[in-house]
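Below is one structure, written out as structure tokens; comments come after it.
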Amino acid sequence: MANTTKKETVKKAAPKKATTTAKKPAVKKTGAQKAAPKTKAAVESAIPESPLVFERPEKFEQVKHSLEKVDALGLVCGTQKYVGDIDLPNLLHVKVLGSPHAHARIKSINTDDALKLPGVVAIYTYKDVPRVPRTTAGQGWPEPSPYDTYLLDSKVRFVGDRVAIVAAETIEQAEEACKKIKVEYEVLEAVFDPEKAMDKGAPVIHDEKDAYVPIPIFYDKSRNHASHVETKVGDVEKGYKQADVVLEKKFYPHYAQHCPIEPHICMAWLDENDRLVLRTSTQVPFHARRITAQTLQIPIKKIRVIKPRVGGAFGAKQEVLLEDICGLVTLRTRRPCKLALTRSEEFMSSRTRHPMVVKIKMGAKKDGTITALSMRIISNTGAYGSHALTVLSNCGSKVLPLYRTDNIEFVGDTVYTNLPVGGAYRGYGATQACFGTESLMDDMAEAIGMDPIKFRQMNHIVEGESSPIFKALGEGREGVDMAIGSCGLAECITKGMKIIDWQKKYGKKGTGTKRRGLGMCCLMQGSSIPEIDMGSVFIKMNEDGSFNMLLGATDLGTGSDTVMAQIAAETLGCKHTDMIVYSSDTDMTPFDVGAYASSTTYLTGGAVITAAKKVRDQIISVAALKMGEKIEDITIADGICYGKGKKNKVSFSDVSKYSLYENKQFQIGAIGSHISHASPPPFAAHFAEVEVDTETGEVKLLSYVAGVDCGTAINPQLADGQTQGACMNGISFALTEEYIFDNGKMLNSTFGNYKIWGTKDMPNLQTFLVDTYENTGPYGAKSVSEISINGALPAIGNAIKNAVGVRLTHPPFTAEKVLKAMKELKSAKVEAPKATAKKGKKK
Amino acid sequence: MLKKLTQFYYPKTVEDACSQLANAKEKTSVIAGGTSEALRNDSTIEALVDLSKIKELSFIKSDSSSISIGAATPVQDIYKSDLSGVSGELLKTAAGKIGSTLLRNAITAGGNLVALFPWSDLPAAYMVLDAEVVCRKGKPKRTVPVINLINSKPASFLTKGEIVAEIKVPVFKKGTGASFAKMSKTSNDYSLITVASRITIAGGKIEEARLAVNAITAQPVRCEEAEKLLVGKKPDAELLAEAAKKAVAGLKVRKDYRATEEYRKEVCEVMIRRSLEESIAKAGK
Amino acid sequence: MKLNVKINGKKFDLEVNPNAMLIDVLRDAGFKSVKNGCSEGSCGACAVMIDGRPKNSCIILAGQVQNSEILTAEGLGNPETPHILQRSFVDHGSTQCGYCNPGSLISVKALLDKNPKPTEADVKDALDGNLCRCTGYVKRIEAVLDAAKIIQKGTKGKK
């Protein structure tokens, strides 16, 4: 560049523009360049690109430290508020009348007597509300789930299904009114067995014309066939021919409920601008807003959804279950209202895990090579199809890539039955499917005469490898190819073995009435749904050097507010307590899909870095201006901006005040959005030690060890806590949780009879994290929240097999089932798994 | 919900309580811990007499011949007491298996007997200890064997204005052992099968035998046929197995969707055999 | 029905329905830390201290606490001056969604009042009626044992 002064440049430019009178100094920065050069320069798109990889700092100041959870003190002191902790004057209490029948048409419904009762303000039946088929699944639009659910319908499809909505002055009055609603049902034949639901002649659960799927995915409601997914890699038949042993077995992972200690709850009111405000215990505020607008046929802009503290969710609240009801009542009565599910309603009419029939076939050589792997799933979605496709797909996508093999087949069907509705539940298909694969891995190891751990160690995926399944199985679309960037599974295995004392204890069953056994399993999951989900974050700076961080991402108690604050603080160069986090308010916070698919840290964390980087750049620019230094000489440490050689410095507060009040004023702030381009799996190895009472069948879980690779643990204490909670949940799922049905009605819909574990039931539980770094994740992070719920079912199943020789396929592993299996084994009545041992076959 | 409830009475003495019950014009019941009352959904009860703050109903006393417990004593106090000996240990074990700490601080020694459920834990222990129940109608009292109370349904056994005031169990001499077992899925769970036993051994032979079960039955029962089989005999594996078999054969098994009848009978037999083994082993100490 | 009761050290003269449950009376009086999880005394989220005993308030009739003294989590401490137990819960990561925390705090407060040097088994026993679906209990037990040590040392709660 010529060494001219600015003035000379301007002078030089002027003669060219002979016709113009405007004296525009060439170098002043303005928004749009009004002076139009004749050549057409390309206009840069304003759409941001999400990076695949983030920069890795040399040292972590905030991240990877167990910093205090930002809401914890308020929670323990009772000052933090959950949905139901506010008092609204003029509040109506809402009760939903649930169906006593599993499958019936409403022939007539009369609310006259009920309306006459004291305190009853309104009752709505299917005749009073718009009929809009939609899904309750909180997924990105257009949702990959059938639009088969209605605000109210003239047909009921499971015991507990919505019949009518009552609003009254007190909850007792609403309950009384429900009893007085006269309903005449035409009871229809019901189907409860998922293996029979697609049979010719089975009762058609969705015989209505208007149920459909919003995207081109499989859907055949005429045969109760809610979804079908299949994919093939290589040639499994060829693979089985190459095997020395082929095993095949069916497994039946069962119904379970999330049991958040706070059941579903929602409140609604009209604000001063006559907008509908929904204060709800949700994982998906933005999807809730959209789906409620769709259901009630009102514009999205008329709705605001706010999520305060949530008392646990685990997937149950990734569903728009109460918001439409509360919206309806408030819009019609113009009064605030509240709907809180009872524990019994939580069990029967919210959402459950999808029970499945999981058929696994595996072929292996005696040297341990897995030659073929087939997974055949029948997933029972209950009466409605929320998450019908996606949970099914995840059975394959989150399990099949774990072990190396050239030939894979996945075939899955989701079917309707007249039973409680399956939804999203931590693990999301991987839980069910890996019960099958990890059980069969042990059986196969035994069949080929190999140690079950060695069999896994030689076959599991490692860093740098990929699996064709990543691309083959997406969620309603094609998946995303990726190579494993980080894998700490090997260390999880060896360290876990040491902690549980595997070498010493394995095989030492004892000889008395009580027999001991060890079992283990390997796990993988995912981190976000790549190319589909998006999260965004807005950060603005305050004059004391603090920041407001507004994000749509949903903290369910998981601590995402804290984790995001740590990531932001790391990027900005300050403390996490300098971040004032406000989340999950559709008016105030930018978009985020919500808390599911193990996304928040990996996906929203990326948006945090993007926003924080922009804000950091602004801070540096202002600091440079204030100190009269060059931008490239400014460094930041601990909320202070240093000039060249650290001679000058200004605090964040100085910078902000300068930018707000003193010179070239502007609001330091930026928005960042992120889409992920991969779903790097966290990995885990779980170990269980059991003692089986051979006379009663009771299984006592003595020890449980879980090792997890989640990349960088942004907050190790929180990550460890997630692991421990997930393990205990998986353990009670394996041993004591079950739905007991009588004609489609759940008999044990209380905590008294549906057993989750307390402190006196605990095994000796030990958990640990291993250290890896995932380059595509924010500061090396992957996910941690789902994976560990998957381990107990296979690890305990394998431990029982080790102890008493029985392979249980119908969890939960109750004492009665164990005793029965042991007896059957004894009298050799049990059918051995279809093992075809090949004799002396050449490779 | 107790829809018609309008009145609470807070008597300071047993006399007051009984007189309030006897003279009540409204439909009146008693309340101690209230855990079953609150969930009862009885829309006829109009008044409740609160026994929980009557000092003479809440105590644990023991001497060389007996242990006596006030009927309104929270079972948590029994669990955490320093009661000892065969009877004391059995009561502590049974009390400690009731629900949870939170429930045990409400559930009472008398309430767990009078509001009798298949899953009630203490009654089986009371039965094998030959407990006696002191029922009072103000000052006058009658002492009855607990088995009489249980067999005629405790609530209907009591006359108007009468309350259970005290449970007494004897202190047993050396050579006695007792056992209590509850089969449930988690520690805070309704019992599936409850088994309690007490054996006294003298001269190498079983002098006295008590065996009671609950939960597998609709209410606690003594297995008298099995007890008769044991008395006078030398305890050995065959005898115990036979007694267990006989005990189960005589049971009227109730409906319980949590496990099949076949399974519960089989495991009850195992639990009875083990209970007897344990009682005998302890008797030998 | 008139209800005279002391809540967190303050006297209250309330007018309540005779068949009201204590949890609703407490929440209506502003003590929102008392949570409903099951309405049947199984989960312990509603636990409060009544005359020194921790109990499930969802299965207690309001009339049963006439003239009683009640303690809720709000009465233990506030964010500015938390009780050592509350501070310990936070420091040990025992608080995820927090919904079961107030009830759990009451149970362990009752434990430490009677047994200042509890073992791990004692802590598990004291918490056996407080279900938690988030944490798996491990960090809670550590928090209580640590709090007990701090209280024994006579150290004041951290700021």
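Here are some notes:
- Volume in Å³ per residue [convex hull over Cα atoms, computed for chain B]: 124 Å³
- For region A:311-380 and region A:446-496, distance of Cα centres in Å: 26 Å
- With Cα atoms defining each centre, region B:1-34 and region A:500-541 are spaced 55 Å apart in the structure.
- In terms of packing, defined here as the mean over residues of other Cβ atoms within 10 angstrom, the peptides B:171-180, A:275-284 line up highest first as A:275-284, B:171-180.
- Between the beta carbons of A:LEU825 and A:ASN743, assuming R0 = 30 Å, the FRET efficiency works out to 0.40 to the nearest 0.05.
- Segment B:LYS285-B:PHE59, extension gain: residue separation times 0.36 nm, minus the distance between their alpha carbons: 78.4 nm
- Spatial extent of region A:462-543: Rg and Dmax, with the Cα atoms as the point set, Å: 21.4, 72
- Taking 14 Å as the cut-off, the amide N atoms of region B:191-224 that come nearer than this to a point 7 Å along the Cα-to-beta-carbon line of B:LYS234 belong to B:202-206.
- Within straight-line reach of A:LYS107, meaning a Cα separation under 17 Å, sit the following aspartates and glutamates at least 8 residues removed in sequence or on another chain: A:ASP128, A:ASP153, A:ASP161, A:GLU184, A:GLU186, A:GLU189, A:ASP207, A:GLU208.
- Legend: helices of chain C (whole DSSP H runs) are marked when their alpha-carbon atoms reach 15 angstrom or more along the helix axis and their mean Kyte-Doolittle hydropathy is at least 0.0; marked are C:101-114, C:138-153.
- Share, in percent, of DSSP beta bridges within the protein assembly as shown that are antiparallel, nearest 5: 80 percent
- Compactness of region C:81-159 - radius of gyration and Dmax, Cα, Å: 11.3, 33
- Proximal aspartates and glutamates to A:LYS69, defined as alpha-carbon separation beneath 14 angstrom and excluding residues fewer than eight positions away on the same chain: A:ASP555, A:ASP561, A:ASP578, A:ASP720, C:ASP91
- Shown here for region A:642-739: trypsin sites (Lys or Arg not before Pro) in loop regions (DSSP other than H, G, I, E, B) with at most 15 other Cβ atoms within 10 Å, namely A:LYS647, A:LYS664.
- Karplus-derived 3J(HN,Hα), 6.51/-1.76/1.60, for each residue of region A:819-824, Hz, glycine and proline x: 4, 4, 5, 5, 5, 5
- Seen against the Cα atoms of chain A and their longest principal axis, helix A:285-296 is set at about 70 degrees.
- Average beta-carbon neighbours from other chains, 10 Å sphere, peptide C:23-32: 2
- FRET efficiency, 1/(1 + (r/R0)^6) with R0 22 Å, evaluated for A:THR694 and A:LYS508 via beta carbons: 0.90
- Under the combined filter of DSSP loop state and at most 12 neighbouring Cβ atoms within 10 Å, region A:620-668 retains these chymotrypsin sites (Phe, Trp or Tyr not before Pro): A:PHE666.
- Cα-based helix-to-principal-axis angle, A:605-627 vs chain A, degrees rounded to 10: 20 degrees
- Across region C:2-75, Cα-Cα pairs farther apart than 20 Å form 16% of the total.
- Structure note, pairs B:LYS53/C:LYS35; A:LYS613/A:LYS782; B:LYS139/B:LYS282: Cα-Cα distances above 29 angstrom occur for B:LYS139/B:LYS282.
- Cross-link partners of B:LYS245 among aspartates and glutamates (Cα-Cα below 18 Å; sequence separation of 8 or more within a chain): A:GLU695, B:GLU224, B:GLU225, B:GLU227, B:ASP236, B:GLU261, B:GLU262, B:GLU266, B:GLU269, B:GLU277, B:GLU278
- The spacing between region B:125-181 and region B:41-88, judged by their C-alpha centroids, is 12 Å.
- Over region A:609-699, relative contact order from alpha-carbon pairs under 8 Å, at least 6 apart, %: 26 percent
- 31 Å Cα-Cα threshold exceeded, pairs from B:LYS153/B:LYS265; B:LYS174/B:LYS246; A:LYS338/A:LYS755; A:LYS196/A:LYS823; A:LYS540/A:LYS630; A:LYS817/B:LYS80: A:LYS817/B:LYS80
- Neighbourhood net charge (11 Å Cβ-Cβ; Lys/Arg +1, Asp/Glu -1) for A:TYR506: +2
- Sparse packing (at most 15 other Cβ atoms within 10 Å of the Cβ) combined with a DSSP loop state is found for the following trypsin sites (Lys or Arg not before Pro) in region A:297-400: A:ARG334, A:LYS366.
- For the protein assembly as shown, the alpha-carbon coordinates run over 126, 87, 71 Å along the three principal axes, in decreasing order.
- With the simple model of a label 7 Å out from the Cα in the direction of the Cβ, A:VAL132 to B:ASN23 spans 6.6 nm.
- Surrounding net charge for C:LEU14, when Lys and Arg each add one and Asp and Glu each subtract one, Cβ distance under 10 Å: -2
- Summary value for chain A: 15 percent relative contact order, contacts being C-alpha pairs under 8 angstrom separated by 6+ residues.
- FRET efficiency, 1/(1 + (r/R0)^6) with R0 35 Å, evaluated for A:LYS498 and B:LYS255 via beta carbons: 0.10
- Net charge of the neighbourhood of B:SER62, taken over other residues with C-beta under 14 Å away and scored Lys/Arg +1, Asp/Glu -1, is -2.
- Compared with the dominant principal axis of the Cα atoms in chain A, helix A:171-180 is inclined by about 50°.
Each reported figure results from applying straightforward, stated rules to the coordinates on display, with no laboratory input. All values reported here derive from a predicted model rather than from experimental measurement. Because the Cβ atoms are built from the backbone with ideal geometry, glycine has one as well, and the counts that use them run over all protein chains shown.
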